[in-house]
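Asker: One structure, pasted below without further comment.
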């Protein structure tokens, strides 16, 4: 059971956008036992698209195509699909009604013939109604293989994948189970780790695949296995994890959770423990708050937050003492502690979290080195504070700080 | 002159990482007149890699391969390249010295044979020394085509592309110039825009390619052209831009500066006009602030912001009147106006911006439909308020709101 993903659009090939769709689709297919054999990104060019379709058909059972479904002339996926399947385009009344409805509700310009053409679909296709946009998805079967055409807009594509594509694949194809288990390690290089694991690796069962994924001080060890006996493959992985854990005890930091991001795990713990939280952000500049609010259900536990970017606003708006800043510098654990306490009191939350630091590239109102970040977490019973050096790259400093706070909340505050 | 990018690694196909390398390479190649014909992502599997090499060789002149060069067993690119070119691996002394040097300087574990094997290269290859890691790049020529193998770690790959790959391609191949010009428009849908531009589009010179790139309330119009006469193709593009501008006067917001995003343009205007700003965010949940703070230099114009997610915090922390909320609902222009005024006064900024709305998926403390967003912008002289329907998808509502605010700031507030 193999799939190929074909993404269509010059914007990918000229680097105007990064293709994030394929990673999402790859991950979702894996969860239901479908391996992605290849991802192919090609131009909006008829001959090239036809060639890619033909090659994918020989390589894979499921071909998922994204992009090129807009109403304008540069979008040619639908017509090219019709040519490939020797089919014609016909109007789908349900899609037309949906497009008209979207225009009536959300769009100020009048509906045009171009918009109405979004309702044209391959006559042989099964239409997948797009709740979030005008371009419908299509499911086309041929010789026991299936082509699935989806819009390239990420949230439209995601909606169709979850609502139709995954259930329909599960329904149609007998699939093995695919299991990935990823162990996180810190502090040992890729090759040093590999040397240490050499004997274990050499004796791994053949059906088990091991990969080393190094990145900046961390190495992820991924074990992958495929099989129709779910319990059987789980047992094989468990047995190997049991063998490897004692070998990496000093550097092992946990298992990677692929379904839930770490902020979702923290959010669920807050909800379960009936606790509320508020943030006072300086160097993280709103990123900490946004990390939570991008998911739904945030109002159950997040009271709010204050981004006091200017030093003076820490005093005027948040109520940090000017003296504490003068004595300790604005980037200090003392200031972080006051920020965390003040924000907790201001928002009447159970937990208050603060960041103050220098994300760079220039030094700000403090003399500390670029990349220095102080974090404090305040509860009714105690305040904890920390200082970290997050490196000299702005994006890295901000994201590492957010990750560190999530880790601290999970490991030190919401333990139960 | 065509290139193909081949990225090797299971982590891409199972969606464990997003392939950002290809977008970078695509953009850089375009700048020097090389079109990317296809991007192909494949597994760490010898047969599949050999097949991809063979196909790429028939399609393209330049084949850039990233990934699979690590010291561990799952990395097989180098050995597969040797097989493909019927070549052997030999030790390169300069690379070995570099690897030993890196270990002595930065790595606490002792150097091992696995690390030393990083110095093995194809005997027929020209070695590209990797300043930022242990895996060297390789440049291999065959029948006037060139294969370039690079490590998959983004900053190592980027270093090699800039230092060796681009200059060597410029040296070896005669290339045309490629020119992209992207016009930004706001407030008109893709198809409405296409209808308006129909005559102009039908009369475009054949060598000019037009693409519509819609995203959340914006449509980018990209004109692309290729040719050996640089001045000639620039003239063609300029002539068409001159023709199209009067047609889109009311929705045109500028040219895409691939170096500057719209928030950077707004930020620069704030700095130029010596104005400061503060945000009161509800439904956008910190995203508006984070959009600015992710870039450097924010403290020149951003005083700070308040994310008052809970309704009560709008009253308690921000100082919105409870009565105004009771009378008008928490999602209303009246509340947005009070929020914008209060935040401006609280942070003593020149401009205050607020959002209150319902990003969904459930209705919150207001009865208004999911996707309703009220925005207000307050200055010393006036307050403007607006209501928009941003659709029924959380991510879309948040991002569209942020885009709308950037547009309003640019068009209505920072005009000079």
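Every read-out reported here was derived from the displayed coordinates using simple, explicitly stated rules and does not represent laboratory data. Since the structure is predicted, the reported quantities are computational estimates derived from the model, not experimental observations. Glycine also receives a Cβ, built like all others from the backbone with ideal geometry; neighbour counts cover every protein chain displayed.
Asker: Against the longest principal axis of chain B, how steep is helix B:21-31, in degrees 0 to 90 to the nearest 10, with axes from Cα atoms?
Answerer: So the helix axis and the longest Cα principal axis differ by about 90 degrees.
Asker: Shortest first, in nm, what separates the label point of residue B:242 from those of the same position in the other copies (7 Å along Cα→Cβ)?
Answerer: 7.9
Asker: With everything on Cα atoms, drop me the angle between helix B:394-408 and the longest principal axis of chain B, reported from 0 to 90° to the nearest 10.
Answerer: 70
Asker: If you put a point 7 Å past Cα along the Cβ direction, how far is that point for residue B:126 from the same point in each other copy, in nm, smallest first?
Answerer: 5.5
Asker: Kirkwood hydrodynamic radius, the stretch B:221-312, all distinct C-alpha pairs: what's the number in Å? Intermediate results must be reported in sequence, preceding the final value.
Answerer: Values: mean 1/r = 0.0606 Å⁻¹.
One over the average 1/r among Cα pairs gives 16.5 Å for the stretch B:221-312.
Asker: Using only the alpha carbons of the stretch B:266-416, what is the convex hull's orientation-averaged projected area in square nanometres?
Answerer: About 7.9 nm², averaged over all directions.
Asker: Could you pull the copy-to-copy label distances for residue B:109, with points set 7 Å along Cα to Cβ, in nm to one decimal and sorted shortest first?
Answerer: 5.7
Asker: Among A:406, A:13, which comes first, second and so on when ranked by fewest other beta-carbon atoms within 10 Å?
Answerer: Ranking A:406, A:13 by Cβ neighbours within 10 Å, fewest first, gives A:406, A:13.
Asker: Same structure, new question: Between the stretch B:378-414 and the stretch B:12-37, what's the alpha-carbon centroid distance in Å?
Answerer: Using only Cα atoms to place each centre, the spacing works out to 33 Å.
Asker: Using 7 Å Cα-to-Cβ label points, what is the residue A:173/residue A:239 separation (nm, one decimal)?
Answerer: Each label point lies 7 Å from its Cα, and together they span 2.9 nm.
Asker: Can you give me the Kirkwood hydrodynamic radius for the stretch B:312-399, using every pair of distinct Cα atoms, in Å to one decimal?
Answerer: It works out to 13.1 Å.
Asker: Consider just the alpha-carbon atoms of chain A and return their Rg together with their Dmax, both in angstrom.
Answerer: Rg then Dmax for chain A, in Å: 26.0, 78.
Asker: Which whole number of Å³ per residue matches the convex hull of the alpha-carbon atoms in the protein assembly as shown?
Answerer: Roughly 175 Å³ of hull volume per residue.
Asker: Given chain B, what percent of its DSSP beta bridges are antiparallel, to the nearest 5?
Answerer: 60
Asker: With both bridge residues required to lie in the stretch A:1-144, what share of the DSSP beta bridges run antiparallel, to the nearest 5%?
Answerer: In the stretch A:1-144, approximately 35 percent of DSSP beta bridges are antiparallel ones.
Asker: I've got another one for you. Which distance in Å, rounded to a whole number, links the C-alpha centroids of the stretch B:127-166 and the stretch A:140-173?
Answerer: Comparing the Cα centres of the stretch B:127-166 and the stretch A:140-173, I get a distance of 37 Å.
Asker: Across peptide A:342-350, what mean number of C-beta atoms from other chains lies inside 10 Å of a residue's C-beta?
Answerer: The mean count of partner-chain Cβ atoms within 10 Å per residue comes to 2.
Asker: Follow-up. Need one number for the stretch A:149-232: average projected area of the convex hull over its C-alpha atoms, nm².
Answerer: Directional mean of the projected Cα hull area for the stretch A:149-232 stands at 8.4 nm².
Asker: Continuing with the same structure: Which angle from 0 to 90°, rounded to the nearest 10, does the C-alpha axis of helix A:262-272 make with the longest principal axis of chain A?
Answerer: 70
Asker: Please average, across the residues of B:32-44, the number of beta carbons from any other chain that are within 10 Å of each residue's own beta carbon, and give a whole number.
Answerer: That works out to 5 on average.
Asker: Given 10 Å bins starting at zero, what is the percent of C-alpha pairs of the stretch A:352-416 in each, up to the one with the largest pair distance?
Answerer: Answer for the stretch A:352-416: a P(r) of 22, 49, 24, 5, 0 percent.
Asker: Please report, in cubic angstrom per residue, the volume enclosed by the convex hull of the alpha-carbon atoms of the stretch B:277-328.
Answerer: In the stretch B:277-328, the Cα hull volume divided by residue count equals 72 Å³.
Asker: For A:180, A:48, which order do you get if you count the other beta carbons within 10 Å of each Cβ and list the fewest first?
Answerer: In order of increasing Cβ crowding within 10 Å: A:48, A:180.
Asker: Kirkwood hydrodynamic radius for the stretch A:1-150: how many Å is it when counted over pairs of different Cα atoms?
Answerer: Averaging 1/r across every pair of different Cα atoms and inverting gives 16.0 Å.
Asker: Roughly what percent of Cα-Cα pairs across the stretch A:121-181 reach past 18 Å?
Answerer: 39
Asker: Fewest to most neighbouring Cβ within 10 Å: what's the order for B:105, B:31?
Answerer: Least to most surrounded, the residues fall as B:105, B:31.
Asker: Now a separate question. Order these peptides, B:122-132, B:55-65, by their mean beta-carbon neighbour count within 10 angstrom, highest first.
Answerer: B:55-65, B:122-132
Asker: Using just the helices of chain B, give the 222 nm mean residue ellipticity in deg cm²/dmol: DSSP H runs with n ≥ 4 each add -39,500 (n - 2.57), and the total is spread over all residues, rounded to 500.
Answerer: -10500 deg cm²/dmol
Asker: Another one. Below 8 Å, C-alpha to C-alpha, sequence gap of six or more: please give me the relative contact order for chain B in percent.
Answerer: Working: 748 pairs, mean separation 42.4, N = 416.
In percent, rounded to a whole number, it is 10.
Asker: Still on this structure: For the stretch B:322-352 and the stretch A:307-328, what is the separation of their Cα centres, given in Å?
Answerer: About 24 Å separates the Cα centre of the stretch B:322-352 from the one of the stretch A:307-328.
Asker: What does DSSP give for the protein assembly as shown in terms of the percent of beta bridges that are antiparallel, rounded to the nearest 5? Kindly include the intermediate steps, with their values, before the conclusion.
Answerer: Values: 97 of 151 bridges.
Within the protein assembly as shown, antiparallel bridges account for around 65 percent of the total.
Asker: Continuing with this model, one more query. Could you work out, residue by residue across B:385-393, how many beta carbons of other chains sit within 10 Å of that residue's beta carbon, and then give the average as an integer? Provide the component values of the computation, followed by the final result.
Answerer: On the way: counts 0, 0, 0, 1, 4, 1, 7, 5, 7.
Average per residue, whole number: 3.
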